[in-house]
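> Below is the structure I would like to discuss, written out as structure tokens.
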Amino acid sequence: IVAASPYEEVMEVTIVGAGLVGCLLACFLARRGHRVILYERRDDPRERGADRGRSINLAVSARGIDALRRLGLDREVLGEAIAMPGRMMHAPDGTLTFQPYSADRGHAIHSIGRADLNRRLLDAATALPGVEVRFGHRLTGLDPRTGDLEFDSGATTVRARVVIGADGARSAVRATLQALPGTDFSQEYLDYGYKELSIPARDGAFAMEPGALHIWPRGRSMMIALPNPDRSFTCTLFWPHDQLAALDDPRRISAHFAEHYADACDLMPDLVPAYQANPVGHLVTVRCSPWHVTTAAMTVGLVGDAAHAIVPFYGQGANCGFQDCVELDRCLDETGDDFPRALELFERRKADTDVIARLALDNFVEMRDKVGSRLFLAGKRAEHALERLLPGRYVSQYELVSFTTTPYAEIERRVARRRRLVAAAGAAVLAMGVTAGLARAARRR
Ligand code: FAD
């Protein structure tokens, strides 16, 4: 229902942010028969190139694929993706070691271009009846008492009953909730930043093995590379901000890469100009509670990075945001599409997103420090052997996170239970050894 100016009375659902999660949520809501209007600050990405500075590609795994499958989009998206069944570790001397992610050789994470995925999801959403996207609309204000939303484009004011913020880690919708009494909020920046670089195709072919996520673990720093359909690789260098900034002239850049990333350096003809031109990205964990508020005028909720931005080291941010859409859809089922109640119910997901935020931070240490060590690789081999020996009874944490849709909090409980059992078994074996030793000593006396 459209009212006379200056207000546009929007019934049904307003989503702020037409990124990955906003578009996918629009598909789920439209499928339920709702009218959805998405407001996006950028111009239509289908009519212009990708933004610099955001990750160019990302790894999609079971949770993301499950959400896409529910909308019949999985085949189309995976058709453009490159399967990565394991990690390829690059030692400083150039030695390569492949470590499969799973005991099941059929399991892989998938490298997908972020911009292509966003375009596909926009196409999917706008093909559904009742979905409209208004580009070039940056939300600048939201008043929960009146339901008014303000945008910077021509001072447009819109009135809405249900608003969902899918506007990313620096969410303007969340800023409104933060201002209300009773909202907890924290953001934790790593002192690490990241810079994207590129390894182009060589003679029309991939310059490295495409079926792997490449890692150069170097202790304080780490570089990863994911393959792209055009046979290039996008590399991401993670390093403390001051160190990234200290490489401030071509000589230093070349010398550093020649020393620490020699094999990659040989494959990067544009290393110096790319390093100098590409922006440094920030890595933040956002925690906010509650994710919703209901007033007499409106209900506001948050999904995706707006609710729970996490660091990228488990490759789960978008996967987790996609799973949010599945969970919110379930909450709407349970409440008969009563949005205030559904968004209240959706808060149960916070237990899961808190866990993946922690696991993602822990995984950074594993990726930059441990994956290169023989002990770590032997541990992974032993873990996969156990998985084959006890199928379904021993499942590694990585397997549960990346290749199942098991709630993250349940994974944490399961892994903690297993560690307690292993510790108890170890303590029992030790105690038996000590008792036997003491008995032998007593007999000798
Ligand atoms: P976003 O993608 O940030 O989209 C938000 C949208 O809202 C944007 O379109 C933005 O323009 C719009 N917007 C913002 N503010 C406003 C406003 N005021 N008004 C209107 N519109 C607005 N995840 C994975 O699953 N796997 C990976 O391998 C992976 N790798 C990553 C690597 C890096 C280096 C980084 C930084 C992240 C990675 N992620 C990965 C995380 C993933 O990118 C995010 O979790 C995901 O993009 C979140 O989607 P979103 O739609 O919630 O937010």
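The values are calculated or read from the model by the stated rules, or taken from the named source; none is laboratory data. The structure presented is a predicted model; accordingly, all values stated were derived computationally and were not measured. We place every Cβ from the backbone using ideal geometry, glycine too, and count neighbours over all the protein chains shown. With ligands, DNA and RNA removed, areas are computed over all heavy atoms of the protein, side chains included. Shrake-Rupley method; radii C 1.70, N 1.55, O 1.52, S 1.80 Å.
> Return yes when T146 is more than 15 Å from the ligand (Cβ to nearest atom) and either hydrophobic (A, V, I, L, M, F, W, C) or touching a residue at least 60 places away in the same chain (Cβ under 8 Å) (or both) and no when it is not.
Criteria met by T146.
> Which members of region 366-418 meet the condition of being free of Cβ contacts under 8 Å to residues at least 12 places away in the same chain, of a type in the set (S, T, Y) and under 17 Å from A351 (Cα atoms)?
T406
> Here's a follow-up. Taking A264 as meeting all but one of (1) more than 26 Å from T14 (Cα to Cα); (2) within 16 Å of the ligand (Cβ to nearest atom); (3) touching a residue at least 40 places away in the same chain (Cβ under 8 Å), write down the number of the exception.
If we test A264 against (1) more than 26 Å from T14 (Cα to Cα); (2) within 16 Å of the ligand (Cβ to nearest atom); (3) touching a residue at least 40 places away in the same chain (Cβ under 8 Å), just (2) comes out false.
> Check whether at least one residue in region 313-331 is at positive phi, within 16 Å of the ligand (Cβ to nearest atom) and out of contact with any His (no Cβ under 9 Å at 6 or more places or on another chain), and report yes or no.
yes
> For region 92-141, give me the residue count where each residue is under 19 Å from E12 (Cα atoms), outside any strand (DSSP E or B) and β-branched (V, I, T).
Selection size over region 92-141: 1.
> Another question, if that's okay. Tell me the residue from E132, E209 that is outside the structural domain of G19 (by TED's automatic domain parsing), touching a residue at least 24 places away in the same chain (Cβ under 8 Å) and of a type in the set (D, E), please. Steps first, please.
On the way: E132 fails: outside the structural domain of G19 (by TED's automatic domain parsing).
Just a single option satisfies the conditions, and that option is E209.
> Which one of P45, P6 is more than 14 Å from the ligand (Cβ to nearest atom) and modelled with pLDDT under 95? Walk me through how you get there before you give the answer.
Values: P45 fails: more than 14 Å from the ligand (Cβ to nearest atom).
The conditions single out P6.
> Under 21 Å from A125 (Cα atoms), assigned to a loop (DSSP other than H, G, I, E, B) and without any contact (Cβ under 8 Å) to a residue 12 or more places away in the chain - does that describe any residue in region 70-85?
Among the residues of region 70-85, at least one is under 21 Å from A125 (Cα atoms), assigned to a loop (DSSP other than H, G, I, E, B) and without any contact (Cβ under 8 Å) to a residue 12 or more places away in the chain, which makes the answer yes.
> Please return the ranges of helices (runs of 4 or more DSSP H) entirely within region 297-391 where 2 or more residues are crowded, with 20+ Cβ neighbours inside 10 Å.
305-308, 317-335, 339-346, 350-365
> I want to confirm something. Restricting to region 143-200 and keeping residues that are of a type in the set (K, R) and within 25 Å of G321 (Cα to Cα), which single residue is most open to solvent (accessible area, probe 1.4 Å)?
Quick first cut of region 143-200, residues of a type in the set (K, R) only: 145, 159, 161, 170, 174, 195.
Then keep just the ones that are within 25 Å of G321 (Cα to Cα); that gives 161, 170, 174, 195.
Numbers: R161: 110, R170: 174, R174: 8, K195: 13 Å².
Here the residue is R170.
> List the number of the failed condition for V280; all other conditions in (1) closer than 30 Å to F376 by Cα; (2) open to solvent by 50 Å² or more (accessible area, probe 1.4 Å); (3) among the aliphatic types (A, V, I, L, M); (4) touching a Gly at 6+ places or on another chain (Cβ under 6 Å) hold.
(1)
> In this structure, is R31 modelled with pLDDT of 55 or more, within 26 Å of L197 (Cα to Cα) and either over 21 Å from the mean Cα position of the chain (by Cα) or open to solvent by 10 Å² or more (accessible area, probe 1.4 Å) (or both)? Give the derivation first.
Values: modelled with pLDDT of 55 or more: yes; within 26 Å of L197 (Cα to Cα): no; either over 21 Å from the mean Cα position of the chain (by Cα) or open to solvent by 10 Å² or more (accessible area, probe 1.4 Å) (or both): yes.
Against the criterion (modelled with pLDDT of 55 or more, within 26 Å of L197 (Cα to Cα) and either over 21 Å from the mean Cα position of the chain (by Cα) or open to solvent by 10 Å² or more (accessible area, probe 1.4 Å) (or both)), R31 does not qualify.
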